[in-house]
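The values are calculated or read from the model by the stated rules, or taken from the named source; none is laboratory data. It should be emphasised that the depicted structure is a prediction, and the values quoted were computed from it without experimental measurement. A quick note on method: Cβ atoms are made from the backbone with ideal geometry, for glycine too, and the neighbour counts reach across all protein chains shown.
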Amino acid sequence: MKYEIMHVGVPVKETVLPEDYAEGLKVYISGPDNNDLKFEYLRFEEGTPLHPDVVNKTHVAYKVPNIDQFIEEEGATVLNGRMAVDETLDIAFVDVHGTVLELMEMK
């Protein structure tokens with residue numbers, strides 16, 4: 001399978017760049033399009049449904065053709081299963097060899 005790196009997600013405690021709010025995930029997101037380094041800054045609220053490793057560790061986001069196939073082929077441990085961001089994108093958070101990855105599948 002071919003993977004494309006989309007961004008690096010960095011948990012922060014304070015606002016770094018302009019943010020959007022994802023109510024269902026209880027997180028403020030400064031998208032990677034806001035900076036040339038493709039960093040996505042994430043500021044989590046208490047009670048977020050995301051796994052503690054997603055909240056506390058930096059992650060690398062990959063665009064993948066199929067989330068389920070990636071998990072099976074790479075032997076990934078699922079932290080947060082498939083979630084629909086919108087009608088064009090599903091994501092999941094997994095752990096591969098101690099590294100947190102965000103998998104992004106375009107529909």
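Within the stretch 39-52, is there a residue that is of a type in the set (D, E, K, R) and in contact with a helix residue (DSSP H, G or I) (Cβ under 6 Å, 6 or more places away or on another chain)? First the steps, then the outcome.
So in the stretch 39-52, the residues of a type in the set (D, E, K, R) come out as 40, 43, 45-46.
Narrowing the set further to residues that are in contact with a helix residue (DSSP H, G or I) (Cβ under 6 Å, 6 or more places away or on another chain) leaves 40.
Checking the stretch 39-52: at least one residue is of a type in the set (D, E, K, R) and in contact with a helix residue (DSSP H, G or I) (Cβ under 6 Å, 6 or more places away or on another chain).
For every residue, the table says whether it meets (1) closer than 18 Å to ILE5 by Cβ; (2) more than 15 Å from the chain's Cα centre (by Cα).
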{"site": "LEU17", "(1), (2)": "no, yes"}
{"site": "PRO49", "(1), (2)": "no, no"}
{"site": "LYS63", "(1), (2)": "yes, no"}
{"site": "ILE67", "(1), (2)": "yes, no"}
{"site": "MET104", "(1), (2)": "yes, no"}
### Query
Which condition does THR15 not pass, out of (1) surrounded by 11 or more Cβ atoms within 10 Å (Cβ to Cβ); (2) closer than 21 Å to ALA92 by Cβ, if it passes all the others?
(2)
### Query
Is it true that ASP90 is in contact (Cβ under 8 Å) with a residue 40 or more places away in the chain and either of a type outside the set (Gly, Ala, Ser) or part of a strand (DSSP E or B) (or both)?
no
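With the condition kept exactly as written, say whether any residue in the stretch 36-45 is on the phi > 0 side of the Ramachandran plot, charged (D, E, K, R) and either surrounded by 12 or more Cβ atoms within 10 Å (Cβ to Cβ) or modelled with pLDDT of 95 or more (or both). Explain how you work it out, then say what you get.
Kept after step one, since they are on the phi > 0 side of the Ramachandran plot, are these residues of the stretch 36-45: 38.
Keeping just the survivors that are charged (D, E, K, R) gives 38.
Checking the rest, the ones that are also either surrounded by 12 or more Cβ atoms within 10 Å (Cβ to Cβ) or modelled with pLDDT of 95 or more (or both) come to 38.
Scanning the stretch 36-45, I find at least one residue that is on the phi > 0 side of the Ramachandran plot, charged (D, E, K, R) and either surrounded by 12 or more Cβ atoms within 10 Å (Cβ to Cβ) or modelled with pLDDT of 95 or more (or both), so the answer is yes.
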### Message
I need a count of the residues in the stretch 62-107 that are out of contact with any helix residue (DSSP H, G or I) (no Cβ under 8 Å at 6 or more places or on another chain), among the small types (Gly, Ala, Ser) and within 19 Å of ALA22 (Cα to Cα).
### Response
2
### Query
Using beta carbons and a limit of 6 Å, which pairs, at least six apart or on different chains, have the first residue in the stretch 70-81 and in contact (Cβ under 8 Å) with a residue 12 or more places away in the chain and closer than 14 Å to ASP53 by Cβ and the second one charged (D, E, K, R) and surrounded by fewer than 19 Cβ atoms within 10 Å (Cβ to Cβ)?
THR77/ASP95; LEU79/ASP53; LEU79/ASP95
